[in-house]
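Here the structure is laid out as structure tokens; the discussion comes afterwards.
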Amino acid sequence: MDRLVHHELRSSLTALLAVVVGAVVVGLVRGLPSTRITDGTALFIAAVFGLLVLFTLLKATRITWFSGVPEWDAATPVDPETALPTQDFRHAKPVDPVLLLILLVPALFVALVWQPWMIVTPLWSAVEWAGQAALIACWERRNGRQLWRGRVQGRPGELSYSPVSPPAPTRTATDAPPA
């Protein structure tokens, strides 16, 4: 099992690494691009990232076409017998090598054959996944649950949740331990 927020952060870090590695390769092969960014290009870039922020905020709502919140609310509880991973995100694999290749190879090909600036295309995914991780973290904090991606055969994307802290022991009216 893998925490959903860690999965999104891992994907975002992988996309950022794809941009960095691709930029180094493109810089070594083609040299640094000498074209300046004009005002129109800067405005286009700002508009693209503004739309990305807008879509991320729409995902925080309960609008059917955008939101992941109903899917998170429908998560099933983790079985009490299931051993949850205790490994921290920093100690687990922070980069997915398969996703790195999936993001790097096409962007690198287009950047080497056509325009060197195209190497930054995985940046869109990096920002998208980082925003998704932030939304999931806010949902987890608000609901007092941790979302997990299951590793069940046939259902790899099934979500389940566990409470953030173990349930408090039951108390009696006289504050004596239960019988």
Looking at (1) modelled with pLDDT of 85 or more; (2) touching a Ser or Thr at 6+ places or on another chain (Cβ under 7 Å), which is the only condition residue 106 fails? (2)
Take region 1-44 and flag every residue that is assigned to a helix (DSSP H, G or I), loosely packed, with under 12 Cβ neighbours inside 10 Å and charged (D, E, K, R). 39
When you go through 179, 173, 134 one by one, which is the residue that is surrounded by fewer than 18 Cβ atoms within 10 Å (Cβ to Cβ), modelled with pLDDT of 80 or more and among the small types (Gly, Ala, Ser)? 134
Mind checking which residues of region 56-66 are part of a loop (DSSP other than H, G, I, E, B) and more than 18 Å from residue 145 (Cα to Cα)? 61, 62, 63, 64, 65, 66
Would you call residue 95 modelled with pLDDT of 80 or more, under 19 Å from the mean Cα position of the chain (by Cα) and open to solvent by 80 Å² or more (accessible area, probe 1.4 Å)? no
Pull out all pairs, ordered by first then second residue, where Cβ-Cβ is under 6 Å, the residues are six or more apart or on different chains, the first lies in region 100-127 and is outside any helix (DSSP H, G or I), and the second is open to solvent by less than 50 Å² (accessible area, probe 1.4 Å) and of a type in the set (Gly, Ala, Ser). 121/107
Can you tell me which of (1) in contact (Cβ under 8 Å) with a residue 12 or more places away in the chain; (2) small (Gly, Ala, Ser); (3) farther than 22 Å from residue 130 by Cα is the one residue 68 doesn't meet? (3)
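The values are calculated or read from the model by the stated rules, or taken from the named source; none is laboratory data. Please read these numbers as outputs of a predicted model, since none were measured by experiment. Here Cβ is always computed from backbone atoms with ideal geometry, including for glycine, and neighbour counts include all displayed protein chains. Accessible surface is based on the protein model in full, side chains and every heavy atom, while ligands, DNA and RNA are left aside. Shrake-Rupley method; radii C 1.70, N 1.55, O 1.52, S 1.80 Å.
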